[in-house]
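What follows is a set of notes on a single structure, which appears directly below.
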Amino acid sequence: MDNKKRIIVIGGLSAGPSAAAKARRTDENAEIILFEKTANISYATCGIPYAFSGRIKDRNKLLVVKPDLLRQRFNIDVHLEEPVTNIDPDNHMVYTPKGEYKYDKLVYATGGTAITPPIEGLADYTEWAHAKTIEDFDRIIKSDVLNSANEITIVGAGLIGLETAENLMQIGKKVTIIELGKHILGPWDDKFATMGEKVLEDNGVSLELGKSIQKINTDGSLVLSDGKTISSDFLIMSIGVKPITEMLTSKGANHLPNGALIVNERMETNLPDIYAAGDCASIPHIVTNAEGWFPMGTHSNKGGRVAGANAVGGNETFPGGYGTAIMEMFDHTIARTGAGPKVLERDGIAYESTFIIANSHPGFYPGGKDMFIEIYYTPDTHVILGAELFGQKGVDKRADVLATAIYAKLTIEDLPNLDLAYAPPFSPAKDPVIVAGFVAQNAQKGLFKEVNVAIAKEAFESGDDITILDVRNPAELENAGRIDDRALNLPLDTLRENLDKIDTKKPIYVTCAKGLRGYLASLILAHNGFQNIHNIAGGFTAWNKING
């Protein structure tokens, strides 16, 4: 070798090409070699579900960067269909079936492999595939399953599984989703997952939750863990990925229990001169300060960029992530950012939350839709920890605003001070994010408690002697229904004249249509000496959406 630095990059999906290109932009003279075990590099795995339905019409559109672009524009020596079979960190050597290569710095970006669950009969069954790689996509297209199969079963209700289900429904398939967890979208709080489940079912998707496939019969029918048998023409596995890291973990690389490599902010592993990025690596969870694993293209590209720069002498950092995610669900959108209840409770982090329903547009402007937002924040400093959102319009904008607020460590008191864009076609004068801030601040004044519908349901079912106060107008109850037959109906505008009808000794749970009148009624009760008041966040609308 001459005096040039030799940088070897293993993996050609997203983190690897990002690392290689950034290394070249940082050092024009370095020798950069990229190894990819398949014939394709840098393709959009997240676009595969949309190619099933034809929304992405050309398979080549999934190929983000062609190998020749890396070769010609960035002067990178790209080795396709040459898998790395071993790494010797002590001697800085990489081995493939075609040769051995010495490196000065190594960027390990092997990604993850799709998980295949143990199912009796799967080994002899041919009508199934993963939906993770471009090779998986090609195999499905070549099999003609999108034309020949009518009933398609998806195992796993994560983002890719649900996106695949929606797109298959759009081309007329009968879709069943089998999910071992009790709800779809495991990282989301159950309230939001439940709302998503109703949208899926309303659009014809069959859900088999809390179940797994035990056996595949010779006729292709599936026997579930509860004994139920369902017919199926084709099976798509989408239960997650496992980091491909054995070549380094076997050499002493620090890693998480799932195998993801632990790196520092410079994307360095504990092995000398070896960096890691993408789905094979962990990154810090900025909210919890624990090691996190976020197999998303956003983090892969950023991590790869930092690893590539540093491999040729740069000094860049990637502080981590915090789980921002979003997906289209027919005519709805569901999103999250930061740490939700499941992570916060798992890590023993105290939090409070505020749940609201706000309109995506001003009431006077046509087309407005309800938006459900829950914000999680610290009880003492009120720093925002996370948020979850669901609705038909404008969810993406508010998710990104709240993701930015989390990174900036803003508090609930900061939210109403944000100068957000306003015009009737885009948002109300009081944007949903600002309303969430106001509601969270009001909850801190201690005059009453704000409770979500899950907590209210527990109280209703506890058998305790409580008062359920519904402050909607009688016509609303007749048209929409009641939360509970025990509810005392006193419309808000007549509440002050009827306070004597409310038992002062019982806990009071106040509800309205969406939460605003319940808030006003709770204030009236508090100012008139009532105690133990609970306003049900989101009112009847949230109750019906989540518990109905």
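Just so you know, all these numbers are worked out from the coordinates, no wet-lab data involved. Since the structure is predicted, the reported quantities are computational estimates derived from the model, not experimental observations. A quick note on method: Cβ atoms are made from the backbone with ideal geometry, for glycine too, and the neighbour counts reach across all protein chains shown.
On a full-extension model of 0.36 nm per residue, what is the gain between MET93 and THR381, subtracting their alpha-carbon distance, rounded to one decimal in nm?
Gain on extension, MET93 to THR381, equals 98.6 nm.
Number of Lys-Lys pairs in region 437-506 under 21 Å by Cα, sequence gap 8 or more or different chains?
5
Return, ordered by residue number, the residues of region 297-335 whose backbone nitrogen is under 15 Å from a label point located 7 Å along Cα→Cβ of SER206.
Correct set: none at all.
Per Stokes-Einstein, at 25 °C and 0.890 mPa s, what whole-number D in µm² s⁻¹ belongs to region 151-293, with the Kirkwood radius over Cα pairs as the hydrodynamic radius?
So the translational diffusion coefficient is about 141 µm²/s.
For region 88-140, report the % of Cα-Cα distances exceeding 16 Å.
Numbers: 894 of 1378 pairs.
Of the Cα pairs, 65 percent sit more than 16 Å apart.
Pull up the cross-link candidates among the lysines for LYS102, meaning alpha carbon to alpha carbon under 30 Å and not fewer than 8 places away within one chain.
Qualifying lysines at Cα under 30 Å: LYS4, LYS5, LYS22, LYS37, LYS66, LYS242, LYS251, LYS302.
Treat each spin label as a single point 7 Å out from the Cα along the C-beta direction, and report the VAL64 to GLU461 distance in nm.
Using points 7 Å along Cα→Cβ, the separation is 4.3 nm.
Which whole-angstrom value gives the distance between the alpha carbon centres of region 274-290 and region 488-529?
49
For region 64-153, place one equal point scatterer on every Cα, skip the solvent, and apply the Debye formula. What is log10 of I(q)/I(0) at q = 0.22, 0.23 Å⁻¹?
The calculated log intensity ratios at q = 0.22, 0.23 Å⁻¹ are -1.20, -1.25.
Rounded to the nearest 500, what is the chain's calculated 222 nm mean residue ellipticity when only DSSP H runs of at least 4 contribute -39500 (n - 2.57) each, over all residues?
Taking each H run of at least 4 residues, the total per residue is -7500 deg cm²/dmol.
Over the chain, calculate the relative contact order: mean separation of alpha carbon pairs under 8 Å at least 6 apart, over the residue count, as a percent.
The normalised contact order for the chain reaches 11 percent.
Which of rounded, prolate or oblate describes region 433-548 when judged by the alpha-carbon gyration tensor and an a/c cut-off of 1.5?
Values: a/c = 1.21, a/b = 1.02, b/c = 1.18.
Verdict is rounded for region 433-548.
Need one number: % antiparallel among DSSP beta bridges in the chain, to the nearest 5.
Counting DSSP beta bridges with both partners in the chain, the antiparallel share is about 50 percent.
What length, rounded to one decimal in nm, is gained on full extension from ALA290 through to TYR125, with 0.36 nm per residue of separation minus their alpha-carbon distance? Can you show the working numbers first?
Numbers: separation 165, 0.36 × 165 = 59.40 nm, distance 4.10 nm.
Contour length minus the Cα-Cα distance gives 55.3 nm.
Rounded to whole Å and sorted largest first, what semi-axes of the equivalent ellipsoid does the C-alpha gyration tensor of region 295-340 yield via the square root of 5 times each eigenvalue?
Rounded to whole Å, the semi-axes are 30, 12, 5.
Give, in whole angstrom and from largest to smallest, the semi-axes √(5λ) of the equivalent ellipsoid of region 95-215, with λ running over the eigenvalues of the Cα gyration tensor.
Values: eigenvalues 203, 80, 44 Å².
In descending order the semi-axes read 32, 20, 15 Å.
For the ranges 106-115, 258-267, 364-373, 145-154, what's the packing order if you count other beta-carbon atoms within 10 Å of each residue, average per peptide, and put the highest first? Mind dumping the intermediate values first?
Values: 106-115: 24.7, 258-267: 20.3, 364-373: 16.6, 145-154: 18.1.
Result, highest mean Cβ count within 10 Å first: 106-115, 258-267, 145-154, 364-373.
What is the distance, in nm, between label points placed 7 Å from the Cα along the Cα-to-Cβ direction at LEU499 and at ASP233?
6.7
Grab the beta carbon distance between CYS46 and LEU447, set R0 = 35 Å, and tell me the FRET efficiency rounded to 0.05.
According to the calculation, E is roughly 0.15.
Regarding region 225-323, what's the average projected area of the Cα-atom convex hull, expressed in nm²?
Across all orientations, region 225-323 yields a mean hull projection of 9.2 nm².
Taking region 155-216 on its own, what percent of its Cα-Cα pair distances exceed 13 Å?
The answer is 59 percent, as a whole percent.
Which percent, to the nearest 5, of DSSP beta bridges fully inside region 115-260 are antiparallel?
On the way: 5 of 22 bridges.
Of those bridges, close to 25 percent are antiparallel.
Can you give the direction-averaged projected area of the convex hull of the alpha-carbon atoms in region 1-114, in nm²? Working shown, then result.
Numbers: hull surface 31.7 nm².
Its Cα hull, projected and averaged over all orientations, spans 7.9 nm².
Based on alpha-carbon centroids, what's the gap between region 382-448 and region 74-96 in Å, whole number please?
What the calculation gives is 48 Å, centre to centre.
Compute the Rg to Rh ratio over region 277-431 from the alpha carbon atoms, using the Kirkwood formula for Rh, and round to two decimal places.
1.02
Report, in whole Å, the centroid distance computed from the Cα atoms of region 192-268 and region 135-161.
Distance between centres, Cα-based: 15 Å.
How far is it, in nm, from the label point at ALA429 to the one at LYS198 when both lie 7 Å from their Cα along the line to the Cβ?
3.1
D for region 349-472, whole µm²/s, Stokes-Einstein with Kirkwood Rh over alpha-carbon pairs at 20 °C and 1.002 mPa s: what number?
138
What's the FRET efficiency of GLU81 with ASP219 using the Cβ-Cβ distance as r and R₀ = 35 Å, to the nearest 0.05?
After rounding to 0.05, the efficiency reads 0.40.
Consider all pairwise Cα distances in the chain and report the whole-number % of them above 39 Å.
37
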